[in-house]
Amino acid sequence: MKLKKQIVWILCFGFALSATSQQLNELADAFLSTLGPELKEKALFKLTGEERFNFNFVPIVRKGPTFHDFNEPQKAAALRLLKASLSKKGYFKATEIIALEYVLLDLENDRHKMPDGSSMRDALNYHFSIFGQPGTDNFWGWRFEGHHLSLNFVASKGVIKSSTPSFMGSNPGIVPSGQQKGKQVLKLETQLAFEFVNSLSKEQLLMARFSETAPSEIMTRNHPVVHPLEHHGISYPSLSAAQKTTFEKLLDVYLDNYESEFSKSFRSKIKAAGFDQLSFAWAGGLQEGTGHYYSIQGPVLLIEYDNTQNNANHVHSVVRDLTNDFGRDILQEHYQQEH
């Protein structure tokens, strides 16, 4: 087990310090070129096929090759593509979430099994899938997915055009024991939200809090198409200057996970739709250790966060683009121009 942990540590963190200036399509091509015919067939899917919208974040049987299938050069090429598709913060969170699989393995004594008898907690069981053909002139996509991670991308001309849905979860939310006791992967997502909600006046809290009981899961779950939620909460214009600052810090925690240029463009899109159209809603307790949920939403954005499972120590969070999830909007526009 000790050796296996060391291998996964290298796998997850070995490329964290090496930057790349290569275009995404070149990195995707480089990854595909390392694969033999069998693995390449396993990794490639149609851009317009149903599989691209089959995103999930629980430990289930998935399509696409995993780290189990890769040799060292293939692992390195796959991780370079992942690293180039996220910010340093986003890449670090993703690898920290993967590393939690071994924490779960120890805490649960490996009692949870997949249908084939393999361990449900497996830091190598993360899948790489390429959609379409990477190239300089065409649209293509890719997905990195496994337990508590679903990162979906669409790119064209070496530029990311869509990075949603993007799901990040953490179980445990705070590691309760062992060598990593106290580790909290999604710390700011939790702490800033509590700081914000507890800064609200009684009148403001009545607007923001739609239930004293948090839902057991994010409301959009893994639905391929999502719409604005019925609860809206308190609007951005109803906040004080200090509250707006905390709200924007919390928003940035999510947007800062993305590759820098995409993060800028997504933030500009949200701003163009109007910060005054954004709202924050809360459900559940007001102190850490109690079940809680929040959402941030506006005309183009929906963020959900839920922490209720395992005695409120199991976080699920997701970012959705209400107008361009899976790159639907830009692809539809592209196909209309072609015809």
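Nothing in this text is a laboratory measurement; each read-out follows from the coordinates by a stated rule. No experiment lies behind these values; they were computed from the predicted model shown. Here the Cβ positions follow ideal geometry from the backbone for every residue, glycine too, while neighbour counts run over all protein chains shown.
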For region 187-323, what is the Kirkwood estimate of the hydrodynamic radius, computed as the reciprocal of the mean inverse distance between distinct Cα atoms, to one decimal in Å?
15.0 Å
Quick one: LYS202, LYS187, LYS271, fewest Cβ neighbours within 10 Å first, how do they rank?
LYS202, LYS271, LYS187
Roughly how many nanometres apart are two label points built 7 Å out from the Cα toward the Cβ at VAL159 and GLU26?
1.7 nm
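Calculated from DSSP H runs of 4 or more alone, at -39500 (n - 2.57) each and per residue, what is the 222 nm mean residue ellipticity of the chain, nearest 500?
-11500 deg cm²/dmol
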Under Karplus coefficients 6.51, -1.76 and 1.60, residue-wise ³J(HN,Hα) of region 227-234 in Hz, glycine/proline x:
10, x, 6, 5, 7, 10, x, 9
Vicinal HN-Hα couplings computed from phi for region 157-173 (Karplus, 6.51 cos²θ - 1.76 cosθ + 1.60; Hz; Gly/Pro x):
6, x, 10, 6, 9, 8, 10, 10, x, 10, 10, 9, x, 8, 9, x, x
When ILE270, ILE98 are ranked with the fewest other C-beta atoms within 10 Å first, the list becomes ILE270, ILE98
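Rounded to two decimal places and with Rh computed the Kirkwood way over Cα pairs, what is Rg over Rh for the chain?
Value, to two decimals: 0.96.
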Rounded to the nearest 20 debye, what is the charge dipole size of the chain about its Cα centre when +1 sits on each Lys and Arg Cβ and -1 on each Asp and Glu Cβ?
620 debye
At R0 = 22 Å, FRET efficiency that the Cβ-Cβ distance of GLU333 and GLU261 yields, to 0.05
0.70
Cα centroid of region 24-93 to Cα centroid of region 173-231, whole Å:
30 Å
List the pairs from LYS88/LYS244; LYS89/LYS183; LYS46/LYS89; LYS93/LYS264; LYS63/LYS113 whose alpha-carbon separation is above 21 Å, in the order I gave them.
LYS88/LYS244; LYS46/LYS89
Helix by helix through the chain, keep the DSSP H runs that span 24 Å or more along the axis on Cα and average at least 0.5 on Kyte-Doolittle, and give those back in order.
none
What is the spin-label model distance, in nm, from THR245 to ASP110 if the labels are put 7 Å beyond Cα along the C-beta direction?
5.1 nm
Going by amide H atoms built from the backbone, whose H comes under 5 Å of the H on HIS314, apart from near neighbours?
GLY173, THR308, GLN309
